[in-house]
Amino acid sequence: MDLSRFFQKAPLIPAIVQEAETGQVLMLAYMNEESLRRTMETGYTWFFSRSRQELWNKGATSGHVQKVHCIHTDCDDDTLLVTVTQTGAACHTGNKTCFFREIWQEKAHEEEQA
């Protein structure tokens, strides 16, 4: 498969990582063509670190690996949805998901309006 089509607009694209069993969104990271290729070859997630400017294999040091079940692309071929089985925490903080901080909820907004 020619992976270059996913990187026509930019060298890095967002990869949303979702837990296969629950559907919970675990994290958002970025992939370049090489990290996507490695992910597809190994069956485990690889990303490109924007801060370190290097490839990283999720869980290589922590043991909190992500076994990939499938990868979908969006309608514009510029965002990926990676469905995984997560071992341990997905977030570097130790939380299951990186999305653990709620900043707004509809019910709370309705009470403020009253």
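Relative to the longest principal axis of the Cα atoms of the chain, the long axis of helix 33-42 makes an angle of roughly 90 degrees.
Once backbone amide H atoms are built at 1.01 Å from N, residue 97 has 90, 91 as its partners under 5 Å, excluding neighbours fewer than 5 places away on the same chain.
Shown for the chain: the carbon plus sulfur share of the solvent-accessible area, taken with all protein chains present and a 1.4 angstrom probe, equals 51%. Per residue, the chain exposes 64 Å² of accessible surface when a 1.4 Å probe is rolled over the protein heavy atoms with every protein chain present. Only Cα pairs under 8 Å and 6+ residues apart enter the sum, and on that basis the relative contact order of the range 8-74 stands at 22 percent. Charges were assigned to the Cβ only: +1 to each Lys and Arg, -1 to each Asp and Glu. The resulting dipole of the range 26-114 about its Cα centre is roughly 640 debye. Here residue 67 is the anchor, and the lysines within straight C-alpha reach of less than 30 Å, apart from those fewer than 8 places off in the same chain, are 9, 58, 96.
The values are calculated or read from the model by the stated rules, or taken from the named source; none is laboratory data. Note that the structure is predicted; figures quoted are calculated from it, not measured. No Cβ is skipped: glycine too gets one built from the backbone with ideal geometry, and neighbour counts run over all protein chains shown. Protein only, heavy atoms only, side chains kept; ligands, DNA and RNA dropped before computing areas. Shrake-Rupley method; radii C 1.70, N 1.55, O 1.52, S 1.80 Å.
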